[in-house]
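Trainee: Sending over a structure as structure tokens; questions will come in a sec.
The values are calculated or read from the model by the stated rules, or taken from the named source; none is laboratory data. None of these values were measured; they are calculated from a predicted model. Positions of Cβ are backbone-derived with ideal geometry, glycine not excepted, and every protein chain shown enters the neighbour counts. Heavy atoms of the whole protein, side chains included, go into the accessibility calculation; ligands, DNA and RNA do not. Shrake-Rupley method; radii C 1.70, N 1.55, O 1.52, S 1.80 Å.
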Amino acid sequence: MRVAVLNNYPAGRGWRALRRIKRSLKTLGATPIVIDPSRALDGGFDAYLLTGTSPAMGGPPPRIKEELLFVRRADAPVLGICFGLHLIAQAFGARLVKMPSRRVGFKELRIRSANPLLDGLDGALVWENHKVRVADEALTGSSLEVLASCPDNPVEVVQVRGRRVFGVQFHPERHDEARRGGLVVLSNFLSLA
């Protein structure tokens, strides 16, 4: 299975996250191919993963319009990680809000709605590192279905209603033997492709 990894990190940044993403996908039997987001509309992949981005650089990536268009049109499964979730939320009309402080570390995932993406994950610990989140109004009246939350974040995992487009606020590439929730999410996502 060929998985396009849309790299939202500025040049020279995010290499550790990209390495973890590729390693995790390879462990699960997929072939990850890192591409510039502007190539997503070209198609040709079984699934797409939208990466996070580096907060130190500030501002949106240069090809955000193309990526938003891709998210709206995608036929293959899409998983947005952190900033990738933010792109999906914005593409479907949800607002983002700044949090009072950065969330860093493992947090407990709470399933709100059963979904194959989250099979086996209620109570799992997942890695967070962000200062922006999807606004609470995504909980009602939007094309996003909220699938999971964390104790201090009501919008942790979403799916675009009727589509195989998902977003997670956490970083599933950050996992270890004791906290395998991220790897399980990636495995479940690949099974949906």
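Trainee: What's the magnitude of the charge dipole for the stretch 1-113 around its Cα centre, counting Lys and Arg as +1 and Asp and Glu as -1 at the beta-carbon? Answer in Debye, nearest 20. Walk me through the intermediate numbers first.
Mentor: Details: 20 positive and 7 negative charges, 110 e Å.
It comes to approximately 520 debye.
Trainee: What does DSSP give for the stretch 53-193 in terms of the percent of beta bridges that are antiparallel, rounded to the nearest 5?
Mentor: Within the stretch 53-193, antiparallel bridges account for around 85 percent of the total.
Trainee: Gap in Å between the Cα centre of the stretch 114-154 and the Cα centre of the stretch 70-101?
Mentor: 12
Trainee: May I ask you to derive the relative contact order of the chain, considering only C-alpha pairs under 8 Å and at least 6 residues apart, and to give it as an integer percent?
Mentor: Worked out over the chain, it gives 21 percent.
Trainee: What figure in square angstrom, to the nearest 10, would you give for the accessible area of ASP36 with a 1.4 Å probe?
Mentor: 60
Trainee: Then there's this: Roughly how big is the stretch 1-58's charge dipole about its Cα centre, with Cβ charges of +1 (Lys, Arg) and -1 (Asp, Glu), in debye to the nearest 20?
Mentor: I would put it at about 360 debye.
Trainee: If you build the convex hull over the alpha carbons only and average its shadow over all orientations, what do you get for the chain? Give it in nm² to one decimal.
Mentor: 9.7
Trainee: Output the peptides 16-25, 183-192 sorted from most to least packed, where packing is the average of other Cβ atoms within 10 Å over each peptide's residues.
Mentor: 183-192, 16-25
Trainee: Using the heavy atoms of the protein chains alone and a 1.4 angstrom probe, what is the accessible area of the chain per residue in square angstrom?
Mentor: 45
Trainee: Also: Roughly how many debye, to the nearest 20, is the charge dipole of the stretch 58-148 about its Cα centre, given +1 on each Lys and Arg Cβ, -1 on each Asp and Glu Cβ, and no other charges?
Mentor: Dipole about the Cα centre, nearest 20: 440 debye.
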